[in-house]
Ligand code: HEM
């Protein structure tokens, strides 16, 4: 697609698909023409930061940055390690296990829930509501898709009601968590409304969950797919952060991000009209040979590595340092504890059925 149709209007989806690194980076740096705003009253995250344009986006980002300073994120290390320890305890004596099910899936949810401020006693119902939002349809049939939408809207409703109650509690009894910071935070006399705090908390859950699951799984897959990579990592675990960056490029957890055209604009001879929808294929940009040498090879020593896996510009992923930290801690522990780990069945690796995300259904080792 990059060579033959770098910009393509898809008649089925009615969306412009954009594939080249250079074009995508220009678009991400131009929020005036390429808007992130989209509204859906059933989805509380549709008026959260990821779907805002300037100047409201800037105000909101300044507020929420206060809950995500590098120092705060680093301070979560012992907590993440404790969660990893708990999950690994369950597999210590097993000779075979699934990386996705046992660790890559449960870890990010437990971590983000406790960082937001969900009490441990509520974790089970909280997990259930979150799963109803993120699980996706059973198959592509109309019934499954409708059933999934219904379940998802109900999950949003349950989570919103739940957050309303705990926001009330935290207002009178603030604790050391993101909800308490967001309730207290004030910038240029602008405070967040309860609705905004709820939308943001649900966004953190959704944006931070499956993406980090995929990052952990994809990186482990890159290690085990080629034993020479795994051997290098075992000999030098300091390479793990570089391996995570290369996985973000080579097997990007998020493949595409949306924008809406605000003013008519011409790109590579194609006219995009105000109101048109655009899909920016960052997974494709990350394999663009005009940007990366040997783009289709996994290179542990790639420098520089200016991938777009976390986006670019004003909406650059807020949770990037958290997901890097989580992935680094869990992968370091897995490599240390299971140095003889191997893929159970190289031929049976099944990717997720998702056009927008890249991950694996399971990774049996
Ligand atoms: C934004 C990817 C983990 C929270 C984004 C964007 C991408 C992305 C591509 C830009 C979206 C756009 O421009 O429209 C990823 C990947 C992750 C990850 C690949 C893991 C490997 C997380 C985590 C959190 C998080 C752990 C929360 C704790 C957010 C938020 C935004 C965002 C709040 C919106 C920022 C803004 O609009 O200013 N992420 N994300 N993400 N991400 Fe992540």
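Nothing in this text is a laboratory measurement; each read-out follows from the coordinates by a stated rule. Note that this is a predicted model, so its numbers are computed, not measured. Note: ideal-geometry Cβ built from the backbone for every residue, glycine included; neighbour counts use all protein chains shown.
Values for this structure:
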{"quantity": "Where residue 321 falls short, out of the listed (1) closer than 30 Å to residue 6 by Cβ; (2) within 13 Å of the ligand (Cβ to nearest atom); (3) in a helix (DSSP H, G or I)", "calculated": "(1)"}
{"quantity": "Failed condition for residue 293, given (1) more than 13 Å from the ligand (Cβ to nearest atom); (2) closer than 30 Å to residue 353 by Cβ", "calculated": "(2)"}
{"quantity": "Some residue of the range 35-52 being over 25 Å from residue 133 (Cβ atoms) and within 11 Å of the ligand (Cβ to nearest atom)", "calculated": "no"}
{"quantity": "Residue count for the range 12-24, restricted to those that are crowded, with 19+ Cβ neighbours inside 10 Å and over 13 Å from residue 265 (Cα atoms)", "calculated": "5"}
{"quantity": "Looking only at the range 326-357, and only at residues there that are crowded, with 17+ Cβ neighbours inside 10 Å and within 16 Å of the ligand (Cβ to nearest atom), the one that is nearest to the chain's Cα centre (by Cα)", "calculated": "357"}
{"quantity": "Residue, nearest to residue 51 (Cα to Cα), within the range 300-318, restricted to residues that are buried (at least 16 other Cβ atoms within 10 Å of the Cβ) and away from the ligand (no atom under 12 Å from the Cβ)", "calculated": "305"}
{"quantity": "Pairs, first without any contact (Cβ under 8 Å) to a residue 60 or more places away in the chain and more than 13 Å from residue 248 (Cβ to Cβ) in the range 319-330, second more than 9 Å from the ligand (Cβ to nearest atom) and part of a helix (DSSP H, G or I), C-beta under 6 Å, six or more apart", "calculated": "none"}
{"quantity": "Among residues of the range 53-66, those that are more than 8 Å from the ligand (Cβ to nearest atom), in contact (Cβ under 8 Å) with a residue 60 or more places away in the chain and either part of a helix (DSSP H, G or I) or under 18 Å from the mean Cα position of the chain (by Cα) (or both), counted", "calculated": "5"}
